[in-house]
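These notes concern the structure reproduced below.
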Amino acid sequence: MSPSPPPSPSPSARLAAAGIAETLRLAADTPVDVCLEVSGVPNGTVRFITDEGQMHQESLGASGTGTVVWRTTASLAAYVRAEVRHPKADGTPGKGNTMASAPQWGPMAALTNPVLLQIRA
């Protein structure tokens with residue numbers, strides 16, 4: 001995860017990055033691009049989850065490989081973790097965070113520890 005570069009680079013522009021289970025310290029309104037590279041999950045679903053719940057979801061193609069990117073800020077998310085799921089038994093990706101008698105998602109393929117977004121004082 002790394003803050004997004006400013007529209008026009010300046011001498012004071014700095015980029016930082018944090019990996020899984022690390023902390024990224026930045027200004028509250030600094031854009032952060034969350035990037036996850038996935039392979040081995042054909043027709044899978046990638047979800048980004050924060051302290052506010054699921055914030056982004058994308059489907060992978062039949063190759064099971066892809067890069068998913070989502071932009072946020074530390075003022076909108078205290079942490080971000082990624083979840084990758086296989087399709088449901090019927091081939092559908094699953095949906096939403098609703099309560100139901102049937103599972104809403106396919107089997108878990110991967111779950112990351114969170115990356116913490118800490119507002120710099």
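Quick look at the numbers
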item	result
Amide hydrogen neighbours beyond the local backbone of Ala109, cut-off 5 Å, H modeled	Val84, Arg85, His86
Under the Karplus curve 6.51 cos²θ - 1.76 cosθ + 1.60, θ = phi - 60°, whole-Hz ³J(HN,Hα) for the range 59-75, x wherever Gly or Pro sits	9, 8, x, 4, 6, x, 10, x, 10, 10, 10, 9, 9, 8, 9, 5, 6
Rounded if a/c under 1.5, otherwise prolate or oblate - the range 36-121, Cα gyration tensor axes	oblate
Stokes-Einstein D in µm²/s, Kirkwood radius over Cα pairs - the range 17-66 at 20 °C with 1.002 mPa s viscosity	168
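Laboratory data are not the source of any read-out in this text; all were calculated from the coordinates shown. Keep in mind the model is a prediction, meaning the values are calculated, not measured.
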